[in-house]
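To keep things clear, I will list the structure first and then write my remarks on it.
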Amino acid sequence: MVTKATFSAGNVLRRLPFEAFCWFVALVALALTDPAASHFSLCPLKNAGLTFCPGCGLGRSITLFFHGDIPASFHMHPLGIFAVIVLSFRIVNLTKHYLKHGKSY
């Protein structure tokens, strides 16, 4: 017996790849963030009082990139633009795999 699939928004969100959903939400949150505003840091190195962290500035770099300030984005962190490309590629690949095989990895 064939059952009719329901395609409600909640059903679709539950079945989409969780990793792709998380990366997408993170990129949207960074795109909607004001780059000039002060921010809260979750960086354990910064919170421990260390001044150097190789990842600090990455989120702000991505935010600046989404707001069109490419030179400032590169200055904030040289890998910010590269991170957007890699994460976008990952989201697309996870979604394509799900659509082709009907399940996440």
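The HN-Hα couplings worked out from phi for region 65-77 by the Karplus form 6.51 cos²θ - 1.76 cosθ + 1.60 (θ = phi - 60°) are 4, 5, 8, x, 9, 5, x, 5, 4, 5, 5, 5, 7 Hz, whole numbers, x standing for Gly and Pro. May I ask you to work out the translational diffusion coefficient for region 50-105 at 25 °C, viscosity 0.890 mPa s, via Stokes-Einstein with Rh from the Kirkwood sum over Cα pairs, reported in whole µm²/s? After rounding, the answer is 195 µm²/s.
Taking R0 as 22 Å, what FRET efficiency do you get between residue 99 and residue 19 from their Cβ-Cβ distance, rounded to the nearest 0.05? The formula returns an efficiency of 0.90 here.
Quick one: length gained pulling residue 31 to residue 52 fully straight, 0.36 nm per residue minus the C-alpha distance?
5.1 nm
Read-outs: derived from the displayed coordinates by stated rules, not from any lab. Not measured: the values here are computed from a predicted model. All Cβ positions, glycine included, derive from the backbone under ideal geometry; neighbour counts span all protein chains shown.
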